[in-house]
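Enquirer: Structure in structure tokens, see below.
The values are calculated or read from the model by the stated rules, or taken from the named source; none is laboratory data. What you see is a predicted model, and the numbers here were worked out from it, not measured in a lab. Note that we place each Cβ from the backbone using ideal geometry, even for glycine, and neighbour counts take in every protein chain shown. These area figures cover heavy atoms from the full protein model, side chains too; ligands, DNA and RNA do not enter into them. Shrake-Rupley method; radii C 1.70, N 1.55, O 1.52, S 1.80 Å.
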Amino acid sequence: MKDVSLLEVASYLPGEPVGTEYFLAYQGGGGENTDSATHTMFKAPAFRHQAARDETPADMMERAAHTLAERVGRDTLRGVDVVLTNTLLPEVPFTGPGAEVAHRLGIRADWVIDAHNGGCASFVHLLRLARVLVGTGQARSALLLNVQNCAGPVMTQSEVRKLPEAVIPGDGCGAALVAASSESPVLGVRVANHGEYTRDCGLTLADGRKYWEPGSSQMHVGFTPGRVRDIVERGNRLVPDVVSGLCEELGLKTGDLDVLITNQPNRMFLEQWRNRLSLDPARHLDTFDRFGNLFGAAVPITLDHGLREGRIADGSLLMLAGFAHAGDFAGAAAVRWRGGGARV
């Protein structure tokens, strides 16, 4: 395997920040959802960004990719061999935006893969795919694009915005360049698949229809009733387990980590993860109050903001990690940020 590096990241956040007061006007203290509203899983962030109804995943990806191009050079971006995307809410059910984005950016990639699995840990999933393709010599470089786009289009629907979970998500897009290089090497990746949990999270429709069938109920993502406690317990466990497992594989201790960057589901999970990994809060980057739950886009967006704010020094040992949905997937990737040599 060639050395493969995560060379640069960029991000895009749509519109102006939206305060929680937008939702409070509709929720009226919780109403029929009082039990859920008081659960720590649904404690609101202060702000979030919301994609407009007609802002497509390809639009968001293009904007993030343009920022990335300003940092790495437009010729470098146009020369990638691989485009990997993950979109939380695909605009078209049967295809992703990868080919459209590649066309818009002038990229003639041999590989265009729209990966619909991975959820909140999808950046690790995409990074793993890129590492295999580049590391085995099948490609030289890859563009990774993560979109979370359900906050504006889904959570502001007239009925959905009354629910306690409506206040949690925020929208945004993360972009990353991965290439054959020893500059910021990906040291290792570890994943865990738990198919037994796939049915504990899914689309919720009040009239019981399939999402493609006609009806008046408003779609949103929800957890299986009565399973929230189980989901919380496994969520608390999955990220520390996969991070600790990868550290062991690499001969490291969790105390060796300089920076932990995870998905940003809520304050409870963030606190539990760093406590179980015995990490000081300063080493676990937290963007939840500014951007809400960014799902799969959280890791690259949080990494981007950490870099621009001077919170990540060259040579830092980064751990990128997360878990998806109700726990069906978890992943972690270790990166030595700009601690290696030149590009290959």
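Enquirer: Please go through segment 151-164 and give me each residue that is among the hydrophobic types (A, V, I, L, M, F, W, C) and either in a loop (DSSP other than H, G, I, E, B) or open to solvent by 10 Å² or more (accessible area, probe 1.4 Å) (or both), ordered by number. Walk me through how you get there before you give the answer.
Expert: Here is the first cut: in segment 151-164, the ones among the hydrophobic types (A, V, I, L, M, F, W, C) are 151, 154-155, 160, 163.
Listed by number, the residues that qualify are Ala151, Val154, Met155, Leu163.
Enquirer: Can you pull out every residue in segment 176-197 that is open to solvent by 70 Å² or more (accessible area, probe 1.4 Å) and either part of a loop (DSSP other than H, G, I, E, B) or in contact with a strand residue (DSSP E or B) (Cβ under 9 Å, 6 or more places away or on another chain) (or both)?
Expert: The first filter runs over segment 176-197 and keeps only residues open to solvent by 70 Å² or more (accessible area, probe 1.4 Å), leaving 190, 193, 196.
Within segment 176-197, Arg190, Asn193 meet the criteria.
Enquirer: Are there any pairs, at least 6 apart or on different chains, whose C-beta atoms fall under 6 Å, with the first in segment 2-20 and more than 19 Å from Pro57 (Cα to Cα) and outside any strand (DSSP E or B) and the second among the small types (Gly, Ala, Ser) and modelled with pLDDT under 95, and if so, which?
Expert: Thr20/Ala44
Enquirer: If you don't mind, another one. Which of (1) open to solvent by 10 Å² or more (accessible area, probe 1.4 Å); (2) under 11 Å from the mean Cα position of the chain (by Cα) is the odd one out, the single condition Phe291 does not satisfy?
Expert: That leaves (2) as the condition not met.
Enquirer: Of the residues that sit in segment 198-226 and are basic (Lys, Arg) and open to solvent by 80 Å² or more (accessible area, probe 1.4 Å), which one is nearest to Arg274 (Cα to Cα)? It would help to see each step written out before you state the result.
Expert: Step one: of segment 198-226, the residues basic (Lys, Arg) are 199, 209-210.
If we keep only those that are open to solvent by 80 Å² or more (accessible area, probe 1.4 Å) too, we end up with 199, 210.
On the way: Arg199: 28, Lys210: 39 Å.
Applying the filter and picking the extreme gives Arg199.
Enquirer: Tell me yes or no: at least one residue of segment 165-173 is in a helix (DSSP H, G or I), open to solvent by 10 Å² or more (accessible area, probe 1.4 Å) and not hydroxyl-bearing (Ser, Thr, Tyr). I'd like the intermediate steps shown before the answer.
Expert: Let us first name the residues in segment 165-173 that are in a helix (DSSP H, G or I), namely 165-167.
Filter once more, so that each one left must be open to solvent by 10 Å² or more (accessible area, probe 1.4 Å): 165.
The next check asks that each one be not hydroxyl-bearing (Ser, Thr, Tyr); those that pass are 165.
Yes, segment 165-173 contains a residue that is in a helix (DSSP H, G or I), open to solvent by 10 Å² or more (accessible area, probe 1.4 Å) and not hydroxyl-bearing (Ser, Thr, Tyr).
Enquirer: Return the residues of segment 70-102 that are within 19 Å of Val221 (Cβ to Cβ) and free of Cβ contacts under 8 Å to residues at least 24 places away in the same chain; say none if nothing qualifies.
Expert: Val92
Enquirer: Report the residue count in segment 228-285 for those that are β-branched (Val, Ile, Thr) and touching a Phe, Trp or Tyr at 6+ places or on another chain (Cβ under 7 Å).
Expert: Here is the first cut: in segment 228-285, the ones β-branched (Val, Ile, Thr) are 228, 231-232, 239, 242-243, 254, 259, 261-262.
Remaining after also requiring touching a Phe, Trp or Tyr at 6+ places or on another chain (Cβ under 7 Å): 231, 239, 262.
Number of matching residues: 3.
Enquirer: Among (1) over 30 Å from Leu77 (Cα atoms); (2) open to solvent by less than 10 Å² (accessible area, probe 1.4 Å), which single condition is Leu260 missing?
Expert: Unmet for Leu260, out of (1) over 30 Å from Leu77 (Cα atoms); (2) open to solvent by less than 10 Å² (accessible area, probe 1.4 Å): (1).
Enquirer: Given the options Arg234, Arg229, name the one that is in a helix (DSSP H, G or I), at pLDDT 90 or above and over 30 Å from Val134 (Cα atoms).
Expert: Details: Arg229 fails: at pLDDT 90 or above.
So the residue among Arg234, Arg229 that is in a helix (DSSP H, G or I), at pLDDT 90 or above and over 30 Å from Val134 (Cα atoms) is Arg234.
Enquirer: On the basis of being of a type in the set (Gly, Ala, Ser), outside any strand (DSSP E or B) and open to solvent by 40 Å² or more (accessible area, probe 1.4 Å), does Ala51 make the cut?
Expert: Numbers: of a type in the set (Gly, Ala, Ser): yes; outside any strand (DSSP E or B): yes; open to solvent by 40 Å² or more (accessible area, probe 1.4 Å): no.
For Ala51, the condition - of a type in the set (Gly, Ala, Ser), outside any strand (DSSP E or B) and open to solvent by 40 Å² or more (accessible area, probe 1.4 Å) - is not met.
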